[in-house]
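Worksheet: the structure to be examined is printed underneath.
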């Protein structure tokens, strides 16, 4: 979507702060958010300590790290907790901080005192907090009326389902190498969530066409504009079709081979990465002044 | 209570960009940072073409989204309606830049090499960096020349009437297309013109209630 300088806010103007130049860090942070958060939720279900540890590290090092690196004044990061009353970013920072602390305590308890009531309580609390961390991105974005494409109630749910799908993919990978994971349950969950995710993406894009001409323009850019290959190859082919085909084939063959499963997981990850990129890249601002149709 | 606002007469505006340059000069803004801009578009088909010329700037909205979304309380709304950024509190998250429906906020990354790259900063640019220092890594925007307004009020001057207390863009407009005054004063020239000439705001559907009005 190459734009001339005189077209700025005269035509549809793409959002650039959170996807271009240093904005790439925001994209990477959100990808890590989905993967880390989803893996934690799934690991809680399958009671995989390794999964929980990996997800905690992804959240603190990757998500936290990318967000920290993006800030213009990173040493003032603590100020981001000051306005949770109205700012979703402030709330997200608080949720993230709480998860880092409570997640660490939960991991320690799961290692030293597994099966105790205290461990269970911290698992519940950390699980609730990571749920808030994952959906918070959706609320940060859908609060912004200025970008009709993001102004959708389904965005937080889409980020959650996408994250849990990523988590299932990673837990399958952990199961392949470490065992101790109910692979059939994980694959069944993946099958269902792939369909749900595909449905949510369809509903989101279809709903965006009703968000005025700017929302519709964003969807057109995604479907047949310059970024369309990312949708068709990244999100649909890699993110949905290939993993679904492998998952369905494993339903009939009992269990897919290791290389096929790894390929399915890699494709799912590519799909998640592509989806977040598309949502950030296709965001457009409405023209400020009368323009030709 | 005072609520500072601006009115731009689109029938008088000739798109000369004086306001843009005056603002840049007054605040010693570095390259690629604009607090005032002029947007130009055309609608219609030859020979029935209409040229639209809109000077735009921070609208200092009454329901400013940037104030709500700022996580560090760096962006505040003063009692007189001016939306002010405390550069010492800004963390540079750029949520306000994303959230502004008018896109009138800019992230200043610093490291600018001045207007004459390869030749270092001129004396004027060096003076500007001392008089009007911007903090790299923070978000900047039009502030209605609040320092002029505040100083003018202290001296007993009237913003919008006395040049010393009036924003630079208003002072420098060659066609006197800009007016500045108190929106809450129903008898101010600003309020009277808005009523008489049916002043409108840009994109009122965003619900931000801008303090900048236009008449045509």
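The values are calculated or read from the model by the stated rules, or taken from the named source; none is laboratory data. On a predicted model such as this, the values are computed, not experimentally measured, just so you know. Using ideal geometry, Cβ is built from the backbone for each residue, glycine included, and neighbour counts are taken over all protein chains shown.
Among residues that are within 14 Å of chain A (Cβ to nearest Cβ) and modelled with pLDDT under 95, residue B:118 is not included. State whether one or more residues within the range A:142-152 are closer than 26 Å to residue A:268 by Cα, under 19 Å from the mean Cα position of the chain (by Cα), surrounded by fewer than 23 Cβ atoms within 10 Å (Cβ to Cβ) and within 14 Å of chain B (Cβ to nearest Cβ). Yes, the conditions are met somewhere in the range A:142-152. The residues of the range A:254-293 that are part of a helix (DSSP H, G or I) and within 20 Å of residue A:179 (Cα to Cα), listed by number, are A:258, A:259, A:260, A:261, A:262, A:263, A:264, A:265, A:266.
For the range B:142-151, the candidate set comprises residues that are assigned to a loop (DSSP other than H, G, I, E, B) and at negative phi; within that set, the residue that is farthest from the other protein chains (Cβ to nearest Cβ) is B:143. Is it fair to say residue B:40 is touching a strand residue (DSSP E or B) at 6+ places or on another chain (Cβ under 7 Å) and not in a loop (DSSP other than H, G, I, E, B)? In short, yes.
Taking the numbered list (1) outside any helix (DSSP H, G or I); (2) at pLDDT 95 or above in turn, residue A:10 passes all entries but (2). Would you confirm, using the coordinates I've provided, whether residue A:168 is surrounded by 23 or more Cβ atoms within 10 Å (Cβ to Cβ) and touching a residue at least 60 places away in the same chain (Cβ under 8 Å)? So residue A:168 passes the test. Here residue A:275 clears all of (1) in contact with a helix residue (DSSP H, G or I) (Cβ under 7 Å, 6 or more places away or on another chain); (2) within 14 Å of chain B (Cβ to nearest Cβ) except the condition numbered (2). Number of residues in the range B:1-28 that are touching a helix residue (DSSP H, G or I) at 6+ places or on another chain (Cβ under 7 Å) and either at pLDDT below 95 or within 14 Å of chain A (Cβ to nearest Cβ) (or both): the value is 2.
For the range A:66-76, a residue qualifies if it is at the interface with another protein chain (Cβ under 7 Å from one of its Cβ atoms), under 23 Å from residue A:35 (Cα atoms) and part of a helix (DSSP H, G or I), but none of them does. If you go through the range A:58-81 and keep only what is under 19 Å from residue B:139 (Cα atoms) and touching a residue at least 40 places away in the same chain (Cβ under 8 Å), you end up with A:67, A:69, A:70.
The residue of the range B:69-85 that is farthest from residue B:22 (Cα to Cα), among those that are touching a residue at least 24 places away in the same chain (Cβ under 8 Å) and facing chain A (nearest Cβ under 8 Å), is B:71. For the range B:120-140, the count of residues that are in a helix (DSSP H, G or I) and either crowded, with 20+ Cβ neighbours inside 10 Å or touching a strand residue (DSSP E or B) at 6+ places or on another chain (Cβ under 7 Å) (or both) is nonzero. Applying the selection to the range B:100-115, what residues are away from every other protein chain (no Cβ under 14 Å) and on the phi > 0 side of the Ramachandran plot? Result: B:114, single match.
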